[in-house]
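Each reported figure results from applying straightforward, stated rules to the coordinates on display, with no laboratory input. Worth saying up front: this structure is predicted, and the values here are computed from it rather than measured. Neighbour counts are summed over all protein chains in view; Cβ atoms, including those assigned to glycine, are modelled from backbone coordinates with ideal geometry.
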Amino acid sequence: EYGAAGEPGLRPPDELLRRFFGYRHQIEQTGGVHSDFPDEDESPDLPPLPVVSLNHDTCLDAEGRTRAAEVAAALAVGTRRIERTRRPELLEALRSGPLEEQLMYFWCHGHFRTTEEPGAPRFVVQLSDHQDIDAYTVLARRGTGDLFPYRPLVLFNACYAGLTGAADVTHIGGALLRAGA
């Protein structure tokens, strides 16, 4: 329950909603990829601790103006956290799969890269080494078999991650869904 600001015992809606993750953020942009997703198989037994990955650009919080340190600390509580800050680390993990992650968190740069190929620009993310990672990179490195047996939730905290595009396949989120996330 909530009431008007200043009303005893009740909180105004803005105070309640500011803690809700989706209040000011688009939290899903899959563009119909789920319709192509195979039926969920039985997952293997879960590891004793949840496995989360923080794939991030460490330079984003160089001046302490973001909440990156708080996010990193929260992801480490009661979990086995895997930290990746460079493109080769992520690509090696994708190549070596299957991955045990149940949550993949990306705190990084995001932008659209224009290509010579016809169609919409590709959405890419960059970790600390500022090398592009896009859907084609993920799909080419994912190896064989089910990459994500635990079907992780993938969160992109990156510029432009929530924008719709003309070609869903070109989005890295769709590529991760196709790989089993």
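Some points to look at:
- For Ile82, the residues whose modelled amide H falls within less than 5 Å of its own, excluding neighbours fewer than 5 places apart on the same chain, are Val52, Ser53, Leu54.
- Region 68-82 - phi-based ³J(HN,Hα) in whole Hz, Karplus 6.51/-1.76/1.60, Gly and Pro as x: 4, 5, 5, 4, 4, 5, 5, 5, 8, 6, x, 9, 9, 9, 10
- Region 61-111: GluC sites (Glu not before Pro) falling in loop per DSSP and having at most 14 other Cβ within 10 Å: Glu63
- Per-residue HN-Hα couplings for region 98-110 [Karplus 6.51, -1.76, 1.60; θ = phi - 60°; Hz; x = Gly/Pro]: x, 9, 8, 4, 10, 9, 10, 10, 10, 10, 7, 6, x
- Computed from phi, the 3J(HN,Hα) profile of region 130-138 under the Karplus parametrisation 6.51, -1.76, 1.60 (θ = phi - 60°) reads 6, 9, 5, 10, 10, 4, 5, 4, 5 Hz, with x in place of Gly and Pro.
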